[in-house]
Amino acid sequence: RGSAFTINCSRFGQQGVYTTVLDSVFDRKAFRPATNFSIPTLVNISFTMSAVLDVVWDNPFIRWNPEECEGITKISVATKNLWLPDIFITEFMDVDKTPKGLKAYINNEGRIRYKKPMKVTSICELDIFYFPFDQQNCTLTFSSFLYTVESMLLGMEKEVWEIADTSRNIIQTHGEWELLSISKATAKLSMGTNLYDQIIFYVAIRRSPRLYVINLLVPSGFLVAIDALSFFLPAESENRAPFKITLLLGYNVFLLMMNDLLPISGTPLISVYFALCLSLMVVSLLETIFITYLLHLATTQPPPMPHWLHSLLLCCTSPKKCCPAAPQKGNTGLGLSPTHLPGVKEPVESVGKVPGLKEAELNGCPGSTRAQQEDKAQKQHLVSLWVQFSHVMDTLLFRLYLLFMATSITTVIVLWNT
């Protein structure tokens, strides 16, 4: 207590000499360097997001006069020979893989600077709902295992804004994250009757979404757009269903390949988007299969159209005629234009007109001929109704595709900008 420690460094700069001069200091490495143990040692800490921990403290046992020591003001000493503060990060969840045999720098006034490169795997509560446009808030808590506030206090080697600027420059050139801000708070941790000093850093980072937009959203959007364009293929075409099946298989392969880029925990919004894309493609394929079956049935033995379906179809095609008169037997007189189909040779010309009926009466055709022509006209009219029904279904599903794609693009733009 109260003793002065000044190193006599005659012939200090010669090789191998100064180590013996510092033997008296090295022998004290098990003890906290303090001439008065009632005064705590101030340890200043600093770090960058590149995982370098910078620790600075004063050792009063090490002092020398540079003028007497050939102008030497700083030397490097193996850390195994020095007392080191037991600074740790509370959120640290991995084995410390810091290289052994590191050096510490000591100046002539006894200030020791120790740089400890380490990779920190820390606990951070992730909110990945908006992935890849997410922003995370993490904490790094620096504290001591052994020394209470009576023995060691923590301070700042650099200002927080200096740490943030240095870390931001490093993060912008390495990795996928952008540093938004770093703030700090000082606190005391109470463990029973002991009180430990702490410094808590709050780190706000934001993911760079460009990689994920290019590799995930753009290919998915292209596949959905191609699937939407397949509605321009004729409903009675035999190539539409195989085309949609191929797209559906390709989309599943895409999801399997891109699965490694998605978060392994939670349900981000992008997963919901992929599920909706897949669901739309499946619904589109099922609709194509149903339309193909319906048109095949309509060209062989068309079933009568239910009244409620006829009314709904009339509202979709002619909104001004949503309240038609009661349909006649066989759904004749519905006021819908026919569409040609394979196997249908003569389209219906107008509502309520049976082609060939008047000509048959004028030419004196028998009643059986008129009945056959009437049945044929009714069958053709039913075929045209079912064809128009298939076109309405295609139109509605195509508009649903357009609405989904417009909503997806708008959502991406808003999330990217905010």
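The values are calculated or read from the model by the stated rules, or taken from the named source; none is laboratory data. Just so we're clear, the structure is a prediction, and the values are computed from it rather than from any experiment. Cβ placement follows ideal geometry from the backbone for every residue including glycine, while neighbour counts extend to all protein chains displayed. Just so you know, the surface numbers come from the protein's heavy atoms only, side chains and all, with ligands and any DNA or RNA stripped out. Shrake-Rupley method; radii C 1.70, N 1.55, O 1.52, S 1.80 Å.
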Scanning region 117-166 for residues that are open to solvent by less than 40 Å² (accessible area, probe 1.4 Å) and part of a strand (DSSP E or B) gives GLN136, CYS138, LEU140, THR141, PHE142, SER143, SER144, MET152, LEU154, GLY155
Single residue of ARG28, ARG1 found to be open to solvent by 30 Å² or more (accessible area, probe 1.4 Å), out of contact with any strand residue (DSSP E or B) (no Cβ under 8 Å at 6 or more places or on another chain) and at pLDDT below 60
ARG1
How about region 246-274: which of its residues are open to solvent by 50 Å² or more (accessible area, probe 1.4 Å) and in a helix (DSSP H, G or I)?
THR246, LEU249, ASN252, VAL253, LEU256, MET257, ASN259, ASP260, LEU261, LEU269, VAL272
Of all residues making up region 176-231, the number that are touching a helix residue (DSSP H, G or I) at 6+ places or on another chain (Cβ under 9 Å) and small (Gly, Ala, Ser)
7
Output for Cβ contacts, cut-off 7 Å, separation at least six or different chains, first residue without any contact (Cβ under 8 Å) to a residue 24 or more places away in the chain in region 220-240, second open to solvent by less than 70 Å² (accessible area, probe 1.4 Å) and aliphatic (A, V, I, L, M), reads ILE226/LEU247; ASN239/LEU233
What single numbered condition from (1) surrounded by fewer than 17 Cβ atoms within 10 Å (Cβ to Cβ); (2) touching a residue at least 24 places away in the same chain (Cβ under 8 Å); (3) of a type in the set (Ser, Thr, Tyr) fails to hold for SER183?
(2)
Any residue in region 404-418 that is touching a residue at least 24 places away in the same chain (Cβ under 8 Å) sitting within a Cβ distance under 9 Å of a residue that is open to solvent by 80 Å² or more (accessible area, probe 1.4 Å) and assigned to a helix (DSSP H, G or I)? List the pairs, counting only those 6 or more apart or interchain.
PHE404/LEU276; SER408/LEU276
All conditions in (1) touching a Pro at 6+ places or on another chain (Cβ under 9 Å); (2) over 19 Å from ALA34 (Cα atoms) are true of GLY110 except (2)
Looking only at region 186-220, count every residue that is crowded, with 17+ Cβ neighbours inside 10 Å and within 16 Å of MET257 (Cα to Cα) and tell me the total.
4
When region 87-116 is checked residue by residue, the ones that are open to solvent by less than 30 Å² (accessible area, probe 1.4 Å), of a type outside the set (Gly, Ala, Ser), at pLDDT 85 or above and in a loop (DSSP other than H, G, I, E, B) are none
